[in-house]
Every structure is written in structure tokens, then in C-alpha cells.
């Protein structure tokens, strides 16, 4: 596979994945861009792996999890774009607010936990593959997902009761 | 169920996904830019590595005169008059690169021996816009933020020129990555520490006394300043000791006299270094340096005092610095050193 073929086939999916991770289209774009630049510069190594797509997803996830001062995150934050939330139809305003509470709670989770949730409930990957992407044991994946869900449930109860 | 709500929330936000076209174009553009930069740096790097190896290698300490007949045979017009070379060691953190080791190498007109003048990185200098003062090591970071080490070098060179009043004829920039590679490539560097050092980064312990460091250890040591008696100043002394050990190692292995070894070293270092030789052709520079390095060089520090009240940095010592700088500018350092033997940094070498 060439880099061009890979980008044709997978760029859209990677962008969607990055949106779920970051919750923001601009940050998602920066995350994907930075990762794909490295992918293209090191394409031979990427292509040698068994499943290039999984390899790239791991790169992107690591980049997201390792989000640190001084890396791409600073540029993103300094740009200071308002966080344009999803515009919901006006007649559903209240229910939309309720529903999107869950989206804002997601943002408060540790990044690794959020990534685990996205991989299971958005990408629908089996736990073994999630563990491979995150570079940890299957047990760790399960425990971080259940911790994340517990956090979300607690928020849910607090708001709804 | 919370799981179903999660799935729904993810599905609902799919429409936030940016279109692929512009992202694809931005990626390609950025790749082109980086490839071009890589190539440029690699070209500059070859020349630079030669200077760096020659300077670091030849200049810092020469335990015995260089073998006749290698570098001296380079056909080149040899420049007369004194020369000043600037070596910068880079503390390379992703977004902010600062020149943390700043070494001015003075080659006197009589080519008697080399003088290594270490300039504290916390020296207070006017900022480029002239409105306030900042630390010398910060002059590198802003121009170099785009990845152009040459721009950072030029800014620091200008600040050093302003500070000392001497013209800089050539110089080189070495990153930690280059230092690590260089150290491993020559098979480790021996050096002697006057006091033990403990790494705050890796908790590695460096005992007092003589030892051999591999690349990772050398870089670790060069980063340490907390807990040293004179902090930054002691680190700068350790950098000088490292350079001395590197030289000895390189000479003992005959790297500089063996074109095959030398070119392999330069190839492996290539992308990690940057050089500027100004008006002086590189071979001429090398031959001058090689000749002058035959005698034991002298290590000095720019006389400074700590300016605690204003900005917590160093400023030239008002009583000792003017005389030193006059001597440096007038190429009379030999006389100055004879009159001020206490200013010479002990190398801590056997």
C-alpha cells in the first residue's frame, strides 16, 4: 500500500476518531495533521507493520494521551477558538442540553479513559484490540472503562436527581 | 443506559468532523516543508560536524601534539590575525530551544594556544528590541522556534558580540542528540569529576573521580545543575571536562587521523549539527585550529557577578571583566592570564 492509498482510504475515519477523542474539530484536525505528517515521513516503517491502520491509530492515540505543554496542544490552546458546540435544532434545545451534558463530562475524563471509551463505544473494537492500541493489558482496559463509566454515572445521578 | 447514551453522543457529534480535503493538503504541505528543512540541515551538518569535531576535539585539551601530516596537509590559504569561534550547546526541548552551553574559542594571532572562554548562559543582555534585558540563552529560542537553528545561532552570536565586543568568525551548534551520538560513536568519553553529581532527571549517580560515560550518561551529566555547588557555573565546567575527555578519546582512537572513521562519524552526526564558517573557508579554519591546539589550551570564564536584585542573572563583574575583555579584544590574553592565574578553570583531568 502507498501512503496515498492509505490516506484516501483512512483519513476520514481518522478524523472522526480524533473528533471523538478531542471533542473539538480544530484540535482533531491538528492531531490528525501532526500524526499524518509523521506517518508520511516514515511511511516505509508504517507500511511494514501488519495492519498499517492500527499502527497509525496507535500513533494518533499516543499523541493524544501524551498531550503535554510544548507539544501540539499549546498551539491549539493559544489559538483560543471558542469551543463551538454542536448546534442543535432550537425546538429540542432543552433536551439537547441534557443530552450533550454527557459530551462535556467526557472532556473531564483522563485522556486514556476517554480513548478507551471511544475505542469501545465508537469504534466498537474488542478489548484485546483496545489494549493493543493503548499499549496496556486487557485487564487495564476493562478497569479503566469501568472507572470511566462509573464517573459518568455519578455525574449523571448528580445532575438528574 | 449510560453506554447507549455514549454511543448516541458519539454518533451525534460525527458531523463535527472536518472535511478531509484541506487536512490532506495541509499534511502534504507540512511534509514538503519538513523534508526541505531536513535536507538543508543535513548539508550544513556535514560541514558543521567537521568543525564541531575539530573544535571540540582539537581545541579543548591537546594532551599531545597532533600527528603531522593529516589536517595540516589541507591546501588552504591560512588566515592571519586572531580568530574567535562560537560553540553553542543546545538544550533541546520541543518548542523552546535554548543555548545552554556558550563557549567562545579565541585563537590568538601568534597561534600559540587556544583560549576557551565560557560565557554563563544566565548572562543578562539587552533584548533584541533594546527595551529590557533577558538571559543570554533565551536569545536563541525565539529565532530558532521555527526550527532554523541558524537563525538562533545568529541571534546569539550578535548578543555575544555586543557583550564582548569581539567579532565572531565562525561557529557551530551542537544538540544533545548530537552529543549523545558523538559520545557513543567514539566509544564513550572518560572524564573526572571533582565532586559526585546526582541526576535530578534520571536519579543516576555520578561518583567523584574518573569514569567513562556513554552517550546517554554524558547528556544526563551535561543537563545537571541543581545540587552542584555553583549550579550553572559548575555545569559549564563539567561541559568543559566532557569536551576534554571527548578529545582524548577521539585522539586515542585516531578518529581524526583516519579519514574512514572521520567520515563515518560525520555521516552519523550529520542532521544533528549546524555550522557557520563565515568568510573563512572550512579547511583553512581546521588547519589553524589544529595547529594552535598543539599546545595545552587555557579554559577561562567571563568574570561575572550575580545580579540578584533585578533579574536573577549574571552581569559582567565591574572590576574584573573590563580588563579581561580589553585583553580579549586586543589579543593580549596571554599577558592577562599570566597576571590573573586564579581565573583559569582547573580541568580536573589527570
Test set (1) within 9 Å of chain A (Cβ to nearest Cβ); (2) modelled with pLDDT under 80 - residue B:19 fails condition number:
(2)
Within segment B:64-110, can you find the residues that are modelled with pLDDT under 80, over 18 Å from residue B:175 (Cβ atoms) and touching a helix residue (DSSP H, G or I) at 6+ places or on another chain (Cβ under 8 Å)?
B:64, B:66, B:67, B:70, B:71, B:72, B:74, B:75, B:76, B:77, B:78, B:79
State all residues of segment B:22-32 that are surrounded by 13 or more Cβ atoms within 10 Å (Cβ to Cβ) and more than 7 Å from every other protein chain (Cβ to nearest Cβ); if no residue qualifies, say none.
B:28
Go through (1) closer than 30 Å to residue A:102 by Cα; (2) modelled with pLDDT under 90 for residue A:21 and report which single condition fails.
(2)
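I'd like the residue in segment A:26-42 that is touching a residue at least 24 places away in the same chain (Cβ under 8 Å) and within 10 Å of another protein chain (Cβ to nearest Cβ) and, out of all such residues, is surrounded by the most Cβ atoms within 10 Å (Cβ to Cβ).
Filtering segment A:26-42 for residues that are touching a residue at least 24 places away in the same chain (Cβ under 8 Å) and within 10 Å of another protein chain (Cβ to nearest Cβ), the one surrounded by the most Cβ atoms within 10 Å (Cβ to Cβ) comes out as A:32.
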Return the only residue of B:182, B:149 being buried (at least 21 other Cβ atoms within 10 Å of the Cβ), over 22 Å from residue B:135 (Cα atoms) and modelled with pLDDT under 85.
B:182
Unmet requirement for residue B:267, which otherwise passes all of (1) on the phi < 0 side of the Ramachandran plot; (2) at pLDDT below 65; (3) outside any helix (DSSP H, G or I):
(3)
Could you tell me whether residue A:46 is crowded, with 18+ Cβ neighbours inside 10 Å and more than 17 Å from residue B:26 (Cα to Cα)?
yes
Would you check which residues across segment B:1-11 are more than 7 Å from chain A (Cβ to nearest Cβ) and part of a helix (DSSP H, G or I) and list them?
B:4, B:8, B:11
Taking only pairs six or more apart or across chains, which ones have beta-carbon atoms under 7 Å, a first residue in segment A:118-146 that is more than 14 Å from chain B (Cβ to nearest Cβ), and a second residue that is surrounded by fewer than 18 Cβ atoms within 10 Å (Cβ to Cβ) and not in a helix (DSSP H, G or I)?
A:131/A:137
When restricted to A:130, A:102, the only residue at pLDDT 55 or above and more than 29 Å from residue A:52 (Cα to Cα) is A:102
It is to be established whether one or more residues within segment B:117-138 are assigned to a helix (DSSP H, G or I) and buried (at least 17 other Cβ atoms within 10 Å of the Cβ).
yes
What are the pairs with Cβ atoms under 6 angstrom where one residue, in segment A:93-111, is within 12 Å of chain B (Cβ to nearest Cβ) and the other, located anywhere, is surrounded by 12 or more Cβ atoms within 10 Å (Cβ to Cβ) and modelled with pLDDT under 80? Sequence gap at least six, or different chains.
A:96/A:88
By residue number, the members of segment A:9-24 that are at the interface with chain B (Cβ under 9 Å from one of its Cβ atoms) and more than 11 Å from the chain's Cα centre (by Cα) are A:11, A:12
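The values are calculated or read from the model by the stated rules, or taken from the named source; none is laboratory data. Everything quoted here is computed from the prediction, not taken from an experiment. Cβ atoms come from the backbone with ideal geometry, glycine included; neighbour counts cover every protein chain shown.
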